[in-house]
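The values are calculated or read from the model by the stated rules, or taken from the named source; none is laboratory data. Predicted model only: the values in this text are computed from it and were never measured. Don't worry about glycine lacking a Cβ; one is built from the backbone with ideal geometry, like all the others, and counts go over all protein chains shown. The accessibility values were calculated without ligands, DNA or RNA, using every heavy atom of the protein model including side chains. Shrake-Rupley method; radii C 1.70, N 1.55, O 1.52, S 1.80 Å.
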Amino acid sequence: MLRFTPDCGPITMTDLPILLQRARKLVHHQSAEAMALATQARKLAQSQDDAQSESQALTVFAHGLFMFGRSLEAQDTLLEALVLGEKRDIGAARGEALQLAGRVAYTLGDYDRAADCWCACIELEDSQINAAERIQAHIGLGQLRYAHQHLELALAHHQRAAQLAENCDNVYLTCTSFINIAADLVQLGRADEAIAILKKTLPLVREDQNYQFEAEIFGMFGLIRMQAGEYEAARMSLMVALKINRLHINTWGEASVLLRLGRCSLESDELDMAVEQFARAQMLAESMSSLPLLSELEQSLAELHLRSGDAEAAAQHQARHESLRQKLFMQTHCPRFANLELRLLE
């Protein structure tokens, strides 16, 4: 298990904001380097008894763990950051840690905890959260609604995030809002609108060198083409997304794309290839303990075995899928979630 370790490099207190800023910028596409910088930042913050900076360093480190698919370790590290905030004033670092905690919980399939974290972000005072974390909390709440197929509510959250992002000179927030809006539109059957948004977003993503978002966009292009029955074109887009995710060690992204590639192979009756793609996706999803991905995989494996003529195995996978979906859908009945949405939609 990777932990913070002392670094003997010659760093001074004036380096601390620079270390944290650099770590945040790198964490999405050079996670290992970001974690190393966060390690230095935490050591320096501890030496100066700076609780806010230490919490920020812990959060960046946790984000790096999350990017490597080590969600349970990320959760433990974020708990350290939040516990630190129970003892000391950590200012806006509280919102940063809470927002990421919601994202990690969502990936693990703990929707109730994710909703609780993100609702808490929306309700924090301005002194305890930055605009960026508020925006990302709206995005997360939208993703929860998307997961439950409440697509109009998902779109409302993501459009609200986009409105708030207009006031921030932040390419990352603009792009993530647009990408989530596009995902909602795809599921609402508005593929042409989704494609227009994705084409507008791709140059921004490339200029910002955000490889995670570039992979997501190509993955979405692949999904749109697959839904249109254009399986070869879909596979080409998905292979671009897979290459980017592997090159930059985005474990969740790789698993998600492999699942779509497996679906593409299944629809093209290339069953042996689908078996390989689903097996790799399942290994990654299990390593991350990601219930949403595992649920989707079980449904796809059920269809695979049905097409292969193994009705018994298909029934077993379908039962596991339904069990996982029930576990996921039993969650997110938080009253303040509903109250927040009433205000959002007024």
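Any residue at all in segment 238-256 that's farther than 17 Å from residue 212 by Cα and surrounded by fewer than 22 Cβ atoms within 10 Å (Cβ to Cβ)? Within segment 238-256, not a single residue is farther than 17 Å from residue 212 by Cα and surrounded by fewer than 22 Cβ atoms within 10 Å (Cβ to Cβ). Residue selection: residue 136 satisfies the criterion of being in contact with a Gly (Cβ under 9 Å, 6 or more places away or on another chain) and surrounded by 19 or more Cβ atoms within 10 Å (Cβ to Cβ).
Looking at segment 46-64, which of its residues are aliphatic (A, V, I, L, M) and surrounded by fewer than 23 Cβ atoms within 10 Å (Cβ to Cβ)? Within segment 46-64, 51 is the sole residue that qualifies. Which ones in segment 277-288 are surrounded by fewer than 20 Cβ atoms within 10 Å (Cβ to Cβ) and farther than 23 Å from residue 221 by Cβ? Scanning segment 277-288 gives 279, 283, 286, 287. The set of residues in segment 196-228 that are closer than 20 Å to residue 265 by Cα, charged (D, E, K, R) and surrounded by fewer than 23 Cβ atoms within 10 Å (Cβ to Cβ) contains only 225. Taking segment 176-195 as the range and being at negative phi and open to solvent by 60 Å² or more (accessible area, probe 1.4 Å) as the test, the residues that pass are 187, 190, 192, 193.
Within segment 204-230, how many residues are at pLDDT 95 or above and among the hydroxyl-bearing types (Ser, Thr, Tyr)? Looking only at that region, the number is 0.
Condition check for residue 320 on (1) over 22 Å from the mean Cα position of the chain (by Cα); (2) at pLDDT below 95; (3) basic (Lys, Arg): one failure, at (2).
Condition test on residue 309, is it crowded, with 20+ Cβ neighbours inside 10 Å and either at pLDDT below 95 or touching a helix residue (DSSP H, G or I) at 6+ places or on another chain (Cβ under 7 Å) (or both)? Steps first, answer last, please.
Numbers: crowded, with 20+ Cβ neighbours inside 10 Å: no; either at pLDDT below 95 or touching a helix residue (DSSP H, G or I) at 6+ places or on another chain (Cβ under 7 Å) (or both): yes.
The answer is no for residue 309.
One residue is enough: does segment 77-86 have a residue meeting the conditions among the hydrophobic types (A, V, I, L, M, F, W, C) and within 17 Å of the chain's Cα centre (by Cα)? Checked segment 77-86: at least one residue is among the hydrophobic types (A, V, I, L, M, F, W, C) and within 17 Å of the chain's Cα centre (by Cα).
Of all residues in segment 115-127, those satisfying the criterion of being in a helix (DSSP H, G or I) and open to solvent by 60 Å² or more (accessible area, probe 1.4 Å) are 116, 123, 126, 127. Of the numbered criteria (1) modelled with pLDDT under 95; (2) more than 22 Å from residue 113 (Cβ to Cβ), the one residue 235 fails is (1). Scan segment 107-137 for residues that are free of Cβ contacts under 8 Å to residues at least 60 places away in the same chain and not small (Gly, Ala, Ser) and the total you get is 14. Any idea which residue in segment 99-114 is farthest from residue 287 (Cα to Cα), counting only those that are modelled with pLDDT of 90 or more and open to solvent by less than 30 Å² (accessible area, probe 1.4 Å)? Applying the filter and picking the extreme gives 99.
When residue 276 is tested against the conditions (1) outside any helix (DSSP H, G or I); (2) more than 16 Å from the chain's Cα centre (by Cα), the lone failure is (1).
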